[in-house]
Amino acid sequence: MPPPSSMSRRLFLQGMALAGAMSAMTFRPRLAAAASTAETRAGRPQQAPLFPSAPLMRQPFAPLPAGSIKASGWLLRQLQIQAKGLSGHLDEFWPIVGPDSGWSGGSGESWEDGPYFLDGLVPLAWQLDSPELKAKAMRFMDWTLDHPWENGMFGPRSNDDWWPRMVMLKVLTQYHELTGDHRVILLMTRYFHYQLQALPGRPLRDWGRMRWQDQLVSILWLYQRTNDAALLELARLLKRQGYDWQSMFARFPFTQKTDADALRKQAGGSDAFMQDLGLQVHGVNVAQALKASPVWSVVSGSAADRDAVRHQLQMLDTYHGLPNGMFSADEHLAGRSPSQGTELCTVVETMYSLEVALAITGDAALGDRLERIAFNALPGALTDDMWAHQYNQQPNQVECSLHRQPWTTDGPESNLFGLEPNFRCCTANFHQGWPKFANSLWMATAEQGLAAMSYAPCTVTTVVRSVPVIIEQVSDYPFRQSVSMTIRPHHAITFPLQLRIPGWSKGTRIAVNGMPVEVTAGFTTIERRWEAGDTVEMVFTAEVKIESGYNGALSFSRGSLVYALPINENWVIWRKRGPTNDWQVYPGSRWNIGIKPDTSVDVSEHAVGEIPFAGASAAVRLTVRGRYVPAWKASEGVAEPVPAAAEPSADEGEQSIILVPYAGAKLRITAFPILG
Ligand SMILES: [Zn+2]
């Protein structure tokens, strides 16, 4: 392959030097022949997507190489906000990922934070084609790639934990797709060969044991490029040493809010988090585990393994599900009360697991779930300018102050908006949410076509059946219910276009060049000869859905947006944190409202603002009818669990209640008690 134009000559020569060194080793990676390339407008060779082939199990979809999809419209604005916020500046004032990071050769933090940060910074930098952000990322990438250990290990020498390397491998695969940097394949190959030898004597433990499936994604990524049989041996070894999530979910004994006292008792004075029970019900572990069975099925060839993710989600929904699409985890599984919280790491890791699982299973319902989380829980935990985030967000969040309740195991700062409330993991890890979502909007299909997996404005530039194809997608989805696509193949070509039909849209209409086509549930396939300028119009029907949850509480959704009552917010700086602050947020209006299940609902649409999810310029509002419920109160800044039957105020009658998209209300009620 020629050196990509975006890669400096120095990098290329280093890559060649390493390649020379590698040739002396017993194994020499072979670049898979399938990687046919075509020049794109960006000038970088566009890689064709790769699918697992025998002995691996076939899968219906595969991610397009990172860089194939560029956000536009509101999604581009969201990424730009992210770049102007913490993601683009964290390294300038937060020492954890600053110049002294162990992942750039310093003596500072040398565990998971550097890789976490890069897992979002790398795709964000290339999404925005930002020289500044790319330079920030290259400080870490160059050091990591240029300083492997003699034995094949890589990363900071002060820390040999397998776990942070699992994260860095995810970074390396994206970075290679974006740049073609030759050092990546060599480093990963050497590392996996080293690990295969070392794991029997130094097996997976704690986090790495619970999160082995994330490394499996990277192993399969490399196998598709080198066909190195040792990689499948390593995959099986990881499975044997890793925690068996599928068996745990098959039994699923964790049907209640985690008993924090039991956790601590089991720990006997040592760290409760690191005990076996604590790790099994740990929210981030559970989020990452959602990909375990599908990813393993690629190796095992078992359809039962592949489909186990559905049962896993069902168990989480049944016992810990929340109206924002997530499960409670603050920081351990916490039951269904909408006053319980979910950690931001759990949100972004669930999203990534769903993106991976969607490709392998082809289950359109996973796309519905992904959108519900991406458009609600993700922006809900961050300030509009993305300079501060919460550790735990609650669907019913009436005050973000220092409080110990109702968390299972988390500390009093967990609810604040700030730089690193409670613990620093989310500060480093949240960056992956939007950029990876953008990168997974479209995927390649096993029939050599393209599939729209989630909807948001973007442009896809890829190769279909060796022909360069560009698809421009214009939409204000999820704030509006229509999507317009223009297909621009380099020359006319026949291929199937698959379009995910959201489960909530019962009357979807699709037209190609103005002519209606038949819509099928799940994915609709349109196979035809596509010519430059062909158009596809999709119109979804989004009825307001009233869902019943904990204690019968009512939640409102319309399409993939969840709606909440915004409570007036009084933001108070708790402490200064360099260019940002830690904030407490106090309520300035009543929130204890009950609603009848037969309430009227009016929908009004407004312009989508510069800040897409900002509550002040909510793009959609619902108006419902409710009554004040004086007996439903907060204690210690937390809304009491929603009462099963709420007694309305005798003094006040019914009133109009305006709801906005969940993320626009940083203080909110999402689950309303039913009026008794
Ligand atoms: Zn976290």
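The values are calculated or read from the model by the stated rules, or taken from the named source; none is laboratory data. Computed from a predicted model, the values in this text were never measured in an experiment. A quick note on method: Cβ atoms are made from the backbone with ideal geometry, for glycine too, and the neighbour counts reach across all protein chains shown. Side chains are part of the model used for accessible areas, which takes the heavy atoms of the whole protein and leaves out ligands, DNA and RNA. Shrake-Rupley method; radii C 1.70, N 1.55, O 1.52, S 1.80 Å.
Okay, here's what the table says:
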item	result
Sole residue being outside the structural domain of Gly609 (by TED's automatic domain parsing), modelled with pLDDT of 95 or more, farther than 26 Å from Gly362 by Cβ and open to solvent by 10 Å² or more (accessible area, probe 1.4 Å), chosen from Arg480, Arg404	Arg480
Selection status of Gly367, out of contact with any His (no Cβ under 7 Å at 6 or more places or on another chain), open to solvent by 10 Å² or more (accessible area, probe 1.4 Å) and either within 13 Å of the ligand (Cβ to nearest atom) or not in a strand (DSSP E or B) (or both)	no
Search result, residues across the range 415-458 that are within 16 Å of the ligand (Cβ to nearest atom), among the small types (Gly, Ala, Ser) and more than 22 Å from Asp129 (Cβ to Cβ)	Gly418, Ala428
Index of the failed condition, Pro99 passing every other in (1) crowded, with 21+ Cβ neighbours inside 10 Å; (2) part of a loop (DSSP other than H, G, I, E, B); (3) without any contact (Cβ under 8 Å) to a residue 60 or more places away in the chain; (4) not β-branched (Val, Ile, Thr)	(1)
Selection status of Glu355, under 18 Å from Ser440 (Cα atoms) and acidic (Asp, Glu)	yes
Some residue of the range 163-179 being open to solvent by less than 20 Å² (accessible area, probe 1.4 Å), in a loop (DSSP other than H, G, I, E, B) and assigned by TED's automatic domain parsing to the domain that holds Asp119	no
Candidates Ala308, Ala262, Ala292, filtered to the one that is within 28 Å of Gln405 (Cα to Cα) and small (Gly, Ala, Ser)	Ala262
When residues of the range 317-335 are limited to those that are buried (at least 24 other Cβ atoms within 10 Å of the Cβ) and away from the ligand (no atom under 16 Å from the Cβ), the one farthest from the chain's Cα centre (by Cα)	His320
From the options Thr346, Thr342, residue that is among the β-branched types (Val, Ile, Thr), buried (at least 24 other Cβ atoms within 10 Å of the Cβ) and closer than 17 Å to Thr670 by Cα	Thr342
Any hit, the range 422-432, residues being more than 20 Å from the chain's Cα centre (by Cα) and either modelled with pLDDT of 95 or more or surrounded by 21 or more Cβ atoms within 10 Å (Cβ to Cβ) (or both)	yes
Long-range neighbours under 8 Å by Cβ, at least six apart or interchain, first residue among the basic types (Lys, Arg) within the range 301-321, second outside any helix (DSSP H, G or I) and open to solvent by less than 60 Å² (accessible area, probe 1.4 Å)	Arg306/Met57; Arg310/Asp363
Positions within the range 493-505 being farther than 19 Å from Asn376 by Cβ and either open to solvent by 30 Å² or more (accessible area, probe 1.4 Å) or free of Cβ contacts under 8 Å to residues at least 12 places away in the same chain (or both), in sequence order	Thr494
Complete set of residues in the range 336-352 that are within 20 Å of Gln432 (Cα to Cα) and within 13 Å of the ligand (Cβ to nearest atom)	Thr342, Glu343, Leu344, Cys345, Thr346, Val347, Val348, Glu349, Thr350
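Yes or no, residue by residue, for (1) under 21 Å from Pro421 (Cβ atoms); (2) of a type outside the set (Ser, Thr, Tyr); (3) surrounded by fewer than 23 Cβ atoms within 10 Å (Cβ to Cβ):
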position	(1), (2), (3)
Leu56	no, yes, yes
Ala62	no, yes, yes
Pro65	no, yes, no
Arg77	no, yes, yes
Gly85	yes, yes, yes
Lys134	no, yes, yes
Trp143	no, yes, yes
